[in-house]
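**Q** My questions all concern the structure below.
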Amino acid sequence: MLTGQQYLESLRDGRKMYVNGHAVPDVTQEPLLRGSALWAAAGYDRYYDQAPDACGPYFFIPTSVDDLRGQQYRQMHWDFPTISTSNGLLMVLTAASRMRAQYPVYAQRALAYFEESKRRDIRAVITITDAKGNRSLPPLKQDDPDLFVHIADRQPDGIVIRGAKLHISSAAIAHDLIVMPTKAMKRGEEDYAVACAVPVNAPGVSVVNAVFSARPDFDAGFYPYSSRYPMSEGLVVFDDVFVPSDRVFLAGEVEHSATFAHSLGLWERLGSVGHYAELGDTLVGFAQLIAEANGLAKVPHIKDKIAGLITYATLIRAGLEAAIEHANFTPEGWASPDELYTNAAKFYAAEQFSAMVRDLHDIAGGSVLTAPSSRDLRNPQTAAFLEKYLRTMEGVDAAYRMRLFHAIRDYTADAYGGWQHVTMIQAGGGLYAQKVVVAKHYDMERAKRLALEVAGLNPDKTSKL
Ligand SMILES: Cc1cc2nc3c(=O)[nH]c(=O)nc-3n(C[C@H](O)[C@H](O)[C@H](O)COP(=O)(O)OP(=O)(O)OC[C@H]3O[C@@H](n4cnc5c(N)ncnc54)[C@H](O)[C@@H]3O)c2cc1C
């Protein structure tokens, strides 16, 4: 296993990085990216074990319901690249299992890649979203053939890929990119049916980063969450990148182009549901704490809104538990979550999120946005004003209440909050993507039968349409 320090050193590998208009010679020294790297490094140190055969719990294939539950609950406390590694590798294995009968060589390569990743203790990120150009047109009808990643050349020992993938979380601080098609490809689009693993520092890979992070001119307390957990999103360009055969998991088999996206949808969305279950409970905690600090905890409309937040958090957790409890098993004996419950819970969490944040803001009041910095609390010219006017009662001083407001702003209305609002809707595919899966896996025949019985019609005698 790698220590945090060894991980940081491993990122000094000649990768081509850009951010905010300049090249980044060393991501571990770049102020806009360093925080993300340190967060991931802390994750390495947390699990480091010097035993030669040790490996992190993120390289784990669940084979029972309890395994799956343990894996999901552990994941809630990991840094982002570690979560992505776990979900990405499980995705590759799930896809491999679905392809094994037809293409055993891909299944073997996928398992070998899992073992190799475990041995090297690397972090890999999920790289699916293509640039897509005009969204109404398929790859070959675009005015630029590179708007979807494709095979530009086939060589005896590998393939060459070209194109770009957008919004790749933590690409700047990962070792590998797990590349796969963004959607189902049709006959004629064989070159676009490509899945593979590519090192971030491979010749031809460039990453242009966007970051959300705390404003560096404020103290960390003004951004208590995003100063600790900054995210980077990368526009990853593949400019004729050679991929050796043993890292290629799909190269033209269009009938399996969507297998990866479906497998990813499963693991990525389950991970999101776990994250949202914790996030839901955190919103409840904020609402209760600020209501108490404002002296409003017993007011009926505040209690009613908090009960609504509790319902939200509880239903997401119920969806998570149902998805785990109703796990499916591959022929290899690997557990994977139930698609219906996973997608229904992900949709519900995302769709209701803004309404829940609205209620939290309604409960908390305008100081969510206007509470001055804690530096103003330390400035002798202003400290007395803040201490006098931002306290509310015995036991609730200005420092405590301001910190709560800073946290609510950061978490729901500023750096992390802004990221979360868009991520909630788009990451793992837009809301519509979850509805498609839900409709596919729902037991419609049973629902029709129930309705026919209520209508007094005999379900057995009614023609099946
Ligand atoms: C913060 C963040 C992190 C992310 N992390 C990752 C990551 O790590 N790896 C990764 O691969 N991706 C990642 N994503 C990408 C995410 O999966 C996409 O944003 C999502 O799939 C939508 O794609 P898009 O952004 O290109 O938007 P679009 O595809 O432009 O979608 C916008 C809207 O248009 C609709 N739409 C698009 N095309 C059609 C069509 N043909 N017909 C009808 N409706 C259509 C969509 O349903 C959606 O409602 C991330 C996104 C965000 C915001």
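The values are calculated or read from the model by the stated rules, or taken from the named source; none is laboratory data. Computed from a prediction, not measured in an experiment: that's the story for all the values here. As a convention, Cβ positions derive from the backbone with ideal geometry for all residues, glycine included, and neighbour counts pool all protein chains shown.
**Q** State whether one or more residues within segment 9-22 are assigned to a helix (DSSP H, G or I) and in contact with an Asp or Glu (Cβ under 8 Å, 6 or more places away or on another chain).
**A** Taking every residue of segment 9-22 in turn, none turns out to be assigned to a helix (DSSP H, G or I) and in contact with an Asp or Glu (Cβ under 8 Å, 6 or more places away or on another chain).
**Q** For segment 393-415, check the following and say yes or no: at least one residue is within 15 Å of the ligand (Cβ to nearest atom), surrounded by fewer than 16 Cβ atoms within 10 Å (Cβ to Cβ) and modelled with pLDDT under 95. Full working, then the answer.
**A** Within segment 393-415, the first condition is being within 15 Å of the ligand (Cβ to nearest atom), and the residues that meet it are 415.
Restricting the remaining residues to those that are surrounded by fewer than 16 Cβ atoms within 10 Å (Cβ to Cβ) gives none.
No, segment 393-415 contains no residue that is within 15 Å of the ligand (Cβ to nearest atom), surrounded by fewer than 16 Cβ atoms within 10 Å (Cβ to Cβ) and modelled with pLDDT under 95.
**Q** Residue by residue through segment 220-263, note down the ones that are closer than 18 Å to Ala174 by Cα and either within 16 Å of the ligand (Cβ to nearest atom) or among the hydrophobic types (A, V, I, L, M, F, W, C) (or both).
**A** Tyr229, Pro230, Met231, Ser232, Glu233, Gly234, Leu235, Val236, Val237, Phe238, Val241, Val243
**Q** Taking the criterion of being touching a Lys or Arg at 6+ places or on another chain (Cβ under 8 Å), within 16 Å of the ligand (Cβ to nearest atom) and closer than 25 Å to Gln6 by Cα, would at least one residue in segment 210-219 satisfy it?
**A** No: zero hits.
**Q** Kindly indicate which of Ile316, Ile302 is in contact with a Gly (Cβ under 8 Å, 6 or more places away or on another chain) and closer than 14 Å to Leu283 by Cα. Walk me through it before giving the result.
**A** On the way: Ile302 fails: in contact with a Gly (Cβ under 8 Å, 6 or more places away or on another chain).
Testing whether each residue is in contact with a Gly (Cβ under 8 Å, 6 or more places away or on another chain) and closer than 14 Å to Leu283 by Cα leaves just Ile316.
**Q** Then there is this: Checking Ser136 against (1) touching a residue at least 12 places away in the same chain (Cβ under 8 Å); (2) within 16 Å of the ligand (Cβ to nearest atom); (3) polar (S, T, N, Q), only one condition comes out false. Which one?
**A** (1)
**Q** Can you pull out the strands (runs of 3 or more DSSP E) entirely within segment 143-208 that have at least 3 residues that are within 16 Å of the ligand (Cβ to nearest atom) and crowded, with 16+ Cβ neighbours inside 10 Å?
**A** So the answer is 158-169, 176-179, 194-199.
**Q** Pick from Ala124, Ala131: which is under 23 Å from Ala37 (Cβ atoms), under 20 Å from the mean Cα position of the chain (by Cα) and modelled with pLDDT of 95 or more?
**A** Details: Ala131 fails: under 23 Å from Ala37 (Cβ atoms).
Matching residue, one of Ala124, Ala131: Ala124.
**Q** Would you say Gly274 is in contact with a helix residue (DSSP H, G or I) (Cβ under 9 Å, 6 or more places away or on another chain), of a type outside the set (A, V, I, L, M, F, W, C) and touching a residue at least 60 places away in the same chain (Cβ under 8 Å)?
**A** Criteria met by Gly274.
**Q** Which residue out of Ala40, Ala95 is assigned to a helix (DSSP H, G or I), more than 17 Å from the chain's Cα centre (by Cα), buried (at least 18 other Cβ atoms within 10 Å of the Cβ) and not hydroxyl-bearing (Ser, Thr, Tyr)?
**A** Only one candidate passes the filter, namely Ala95.
**Q** Still on this structure: I'm trying to understand the selection: among the residues of segment 320-344, which are aliphatic (A, V, I, L, M) and either closer than 16 Å to Tyr73 by Cα or free of Cβ contacts under 8 Å to residues at least 24 places away in the same chain (or both)?
**A** Leu320, Ala322, Ala323, Ile324, Ala327, Ala335 - these are the residues of segment 320-344 that are aliphatic (A, V, I, L, M) and either closer than 16 Å to Tyr73 by Cα or free of Cβ contacts under 8 Å to residues at least 24 places away in the same chain (or both).
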